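Inspection log for the structure reproduced underneath, given as structure tokens.
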Amino acid sequence: MPLLITVIGLVVLILLISYFKLHTFLSFLVVSLGVGLALQMAPSQILQAIQHGMGSTLGSIVSIIALGAMLGKLVAQSGAAQRISVKMMNIIGTGYVRWAFMITGFIVGLPLFYSVGFMLLAPLVITVSYRYKLPAVYIALPMLASLSVTQGYLPPHPAPLALVKQFNVDMGLTLFYGIIVAIPAILISGALFGATVKKYITLPNKAFIAPDLDEKVMPSTFISFASVLLPILLIGISTLLIPYFPENSFSAHAITFVGDPIVSMFISVLFAAYFLGIKQHKKMAEVTVLLGDSVKEVAMLFLIFGGAGALKQVLTEGGVSQSIAGMMQASSMHPLVLAWGMAAIIRVAVGSSTVSGITTAGFVTPLLAATHTEPHLMVLSIGAGSMMFSHVNDAGFWLFREYFQLSMADTLKTWSVMETLVSVSGLAGVMALNAFIG
């Protein structure tokens, strides 16, 4: 029954947004309240779940999104995005731009959270697509597939890291196996499927289409790349240096602080404000206006993400994820397939890859000892399942839709199918690797 209620709630949500044209945030609230009552939650519990869900979701991403929008605006309006895109095209040509963004997405996705990577790279994709008359979705999907795979499969991202700790396995070996599984998954979901979406030619969000500037007024190539790469460098260097310092030393705390995604993005915005603003002969007041405009352009995303977080929390506290896990625990499937399927169903129902991964881990931990399943592959199997079919209850779905300005149906046909391929090809890779090392 909880699963049926969830499915009905999601169908109602899609109808409210697509057919009745009700505002997305209001649609989420209507469905959250309705689903909570249907799951026999007390009214006070529903309201607390909505508040907690909105608060926890926004608390984890609102700063990153706001800072990412600011950095993206400065990079676009200063001409840095134009400089980078021209340099890239001169080196690789338009014929290989999808591959360049796919590789860039993988490299960027290793140290950065998905939302940070998206905010850094999406404006570059949009600028390149606009300047060279290329379909934005066509060149974006390979990059987004890379970001999704690293988010779902590879530590130190939240869900894989939690699974590594829960199963007490070696992070280095998990990362090694994860990269082996990740490469074919990216090629299938990003390169192959991405080649089929040329027909989606909707103009992306114009806020991130930079005006054409004269060569003389654009920042240098070094400053342009440094502005985009700085948060990656700060987080990456922090990750590499931490093991070499005593755990509670001042140096370790300082490096951890600077390597935090929010702090690194904040430092990067200050860097860009000076080198892409003040040094480009803009007054501080002009830079401040640009920063303010950038937040206005993504403000609606905050409401949408809050609504998605509210529904996710109602489903979680209503016992949907536990109910699904309990239903599947008695299955006779291969443990790796069972774990993947459990994570996939919870992901589709609840919308959070992290909730999906952590919930599944709690139920399959006893299977590891009983079945002698390779625990490193169990981490990857659950991670792949947790990426299954992102749709209207996932913040990533709305981030993609708002930036690339697609209809609900086209977002499902592009983004959601890509995420499904990430999940399915990940399972195939895990099973192939299991047969090889088993």
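The values are calculated or read from the model by the stated rules, or taken from the named source; none is laboratory data. Please read these numbers as outputs of a predicted model, since none were measured by experiment. Heads up, the Cβs are rebuilt from the backbone with ideal geometry, glycines too, and the neighbour counts pull from every protein chain shown. Calculation scope for accessible area: heavy atoms of the full protein, side chains included, ligands and nucleic acids excluded. Shrake-Rupley method; radii C 1.70, N 1.55, O 1.52, S 1.80 Å.
Working carefully through the options Ile324, Ile304, Ile358, find the one that is assigned to a helix (DSSP H, G or I), open to solvent by 50 Å² or more (accessible area, probe 1.4 Å) and touching a residue at least 40 places away in the same chain (Cβ under 8 Å). Spell out the reasoning first.
On the way: Ile324 fails: open to solvent by 50 Å² or more (accessible area, probe 1.4 Å); Ile304 fails: open to solvent by 50 Å² or more (accessible area, probe 1.4 Å).
After ruling out the rest, the residue left standing is Ile358.
Select the helices (runs of 4 or more DSSP H) contained entirely in region 40-117, then report the ones holding at least 2 residues which are polar (S, T, N, Q).
Result: 43-78, 80-92.
Do any residues in region 168-185 that are surrounded by 14 or more Cβ atoms within 10 Å (Cβ to Cβ) have Cβ atoms under 7 Å from those of residues that are outside any helix (DSSP H, G or I), where the two are at least six apart or on different chains, and which pairs are they?
Filtered contacts from region 168-185: Met171/Pro155; Thr174/Pro155; Leu175/Leu154; Leu175/Pro155; Gly178/Leu154; Ala182/Leu154.
If Lys21 satisfies all but one of (1) open to solvent by 60 Å² or more (accessible area, probe 1.4 Å); (2) over 24 Å from the mean Cα position of the chain (by Cα); (3) at negative phi, what's the number of the condition it fails?
(3)
From the residues in region 286-301 that are open to solvent by less than 10 Å² (accessible area, probe 1.4 Å) and of a type in the set (Val, Ile, Thr), which one is modelled with the highest pLDDT?
Selected residue: Val287.
Among the residues in region 107-122, are any out of contact with any Cys (no Cβ under 7 Å at 6 or more places or on another chain), open to solvent by less than 40 Å² (accessible area, probe 1.4 Å), modelled with pLDDT of 90 or more and aromatic (Phe, Trp, Tyr)?
no
Could you tell me whether any residue of region 427-434 is closer than 29 Å to Phe167 by Cβ, open to solvent by less than 10 Å² (accessible area, probe 1.4 Å) and either modelled with pLDDT of 95 or more or in contact with a Pro (Cβ under 8 Å, 6 or more places away or on another chain) (or both)?
Restricting attention to region 427-434, the residues satisfying the condition of being closer than 29 Å to Phe167 by Cβ are 427-434.
Checking the rest, the ones that are also open to solvent by less than 10 Å² (accessible area, probe 1.4 Å) come to 430.
Going one step further and asking which of them are either modelled with pLDDT of 95 or more or in contact with a Pro (Cβ under 8 Å, 6 or more places away or on another chain) (or both), we end up with 430.
Checked against the condition, which is being closer than 29 Å to Phe167 by Cβ, open to solvent by less than 10 Å² (accessible area, probe 1.4 Å) and either modelled with pLDDT of 95 or more or in contact with a Pro (Cβ under 8 Å, 6 or more places away or on another chain) (or both), region 427-434 yields at least one hit.
Looking only at region 243-283, which residues are closer than 20 Å to Phe225 by Cα and polar (S, T, N, Q)?
Ser264, Ser268, Gln280
What do you reckon, is Phe167 of a type in the set (A, V, I, L, M, F, W, C) and within 15 Å of Pro375 (Cα to Cα)?
On the way: of a type in the set (A, V, I, L, M, F, W, C): yes; within 15 Å of Pro375 (Cα to Cα): yes.
Considered against the rule, which asks whether it is of a type in the set (A, V, I, L, M, F, W, C) and within 15 Å of Pro375 (Cα to Cα), Phe167 comes out as yes.
Mind checking which pairs have a first residue in region 125-143 that is in contact (Cβ under 8 Å) with a residue 40 or more places away in the chain and open to solvent by 10 Å² or more (accessible area, probe 1.4 Å) and a second that is outside any helix (DSSP H, G or I) and not hydroxyl-bearing (Ser, Thr, Tyr), Cβ under 6 Å, 6 or more apart or different chains?
Every condition considered, the pairs that remain are Tyr130/Ile209; Pro135/Lys198; Pro135/Ile201; Tyr138/Val197; Tyr138/Lys198.
Any idea which of (1) within 26 Å of Ala140 (Cβ to Cβ); (2) open to solvent by 30 Å² or more (accessible area, probe 1.4 Å); (3) aromatic (Phe, Trp, Tyr) is the one Phe250 doesn't satisfy?
The single condition Phe250 does not satisfy is (1).
Looking only at region 154-163, which residues are in a helix (DSSP H, G or I) and surrounded by fewer than 24 Cβ atoms within 10 Å (Cβ to Cβ)? Steps first, please.
Step one: filter region 154-163 for residues in a helix (DSSP H, G or I), giving 158-163.
Residues satisfying the conditions are Pro158, Leu161, Ala162.
Checking the structure you have, find out if any residue of region 234-245 is touching a helix residue (DSSP H, G or I) at 6+ places or on another chain (Cβ under 6 Å) and under 30 Å from Ala136 (Cα atoms).
Yes: region 234-245 contains one or more residues that are touching a helix residue (DSSP H, G or I) at 6+ places or on another chain (Cβ under 6 Å) and under 30 Å from Ala136 (Cα atoms).
Quick one: Leu315 ticks every box in (1) within 20 Å of Val430 (Cβ to Cβ); (2) open to solvent by less than 10 Å² (accessible area, probe 1.4 Å) except a single one, so which number is it?
(1)
Condition first: more than 30 Å from Glu419 (Cβ to Cβ) and part of a helix (DSSP H, G or I). Now tell me which residues in region 206-227 satisfy that. Spell out how you get there, then give the answer.
At the first step, the residues of region 206-227 found to be more than 30 Å from Glu419 (Cβ to Cβ) are 211-224, 226.
Selection gives Glu215, Lys216, Val217, Thr221, Phe222, Ile223, Ser224, Ala226.
Among residues belonging to region 219-234 that are buried (at least 21 other Cβ atoms within 10 Å of the Cβ) and either polar (S, T, N, Q) or more than 28 Å from the chain's Cα centre (by Cα) (or both), point out the one that is farthest from Ser115 (Cα to Cα).
Ranking the candidates gives Pro219 first.
One line per residue, one yes/no per condition, for (1) open to solvent by less than 70 Å² (accessible area, probe 1.4 Å); (2) touching a residue at least 40 places away in the same chain (Cβ under 8 Å):
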site	(1), (2)
Phe208	yes, yes
Ile237	no, no
Phe257	no, no
Pro261	yes, yes
Ile267	yes, no
Met284	no, no
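Has region 191-200 got at least one residue that is under 21 Å from Leu144 (Cα atoms), among the β-branched types (Val, Ile, Thr), within 18 Å of the chain's Cα centre (by Cα) and open to solvent by less than 30 Å² (accessible area, probe 1.4 Å)? Spell out the reasoning first.
Of all residues in region 191-200, those under 21 Å from Leu144 (Cα atoms) come to 191-200.
Filter once more, keeping what is among the β-branched types (Val, Ile, Thr): 196-197.
Narrowing the set further to residues that are within 18 Å of the chain's Cα centre (by Cα) leaves none.
No, the conditions are met nowhere in region 191-200.
So that you can scan it fast, the table gives a plain yes or no per residue for (1) assigned to a helix (DSSP H, G or I); (2) in contact with a Gly (Cβ under 8 Å, 6 or more places away or on another chain); (3) free of Cβ contacts under 8 Å to residues at least 12 places away in the same chain; (4) among the hydroxyl-bearing types (Ser, Thr, Tyr):
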{"site": "Val289", "(1), (2), (3), (4)": "yes, no, yes, no"}
{"site": "Asp293", "(1), (2), (3), (4)": "yes, no, no, no"}
{"site": "Ala310", "(1), (2), (3), (4)": "yes, yes, no, no"}
{"site": "Trp340", "(1), (2), (3), (4)": "yes, yes, no, no"}
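Yes or no, residue by residue, for (1) more than 28 Å from Thr359 (Cα to Cα); (2) not in a helix (DSSP H, G or I):
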| position | (1), (2) |
| --- | --- |
| Leu120 | yes, no |
| Leu141 | yes, no |
| Gly152 | no, no |
| Val169 | no, yes |
| Gly172 | no, no |
| Tyr177 | no, no |
| Leu192 | yes, no |
| Pro204 | yes, yes |
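Restricting region 1-28 to residues that are over 21 Å from Phe389 (Cβ atoms) and assigned to a helix (DSSP H, G or I), which is modelled with the lowest pLDDT?
That would be Phe25.
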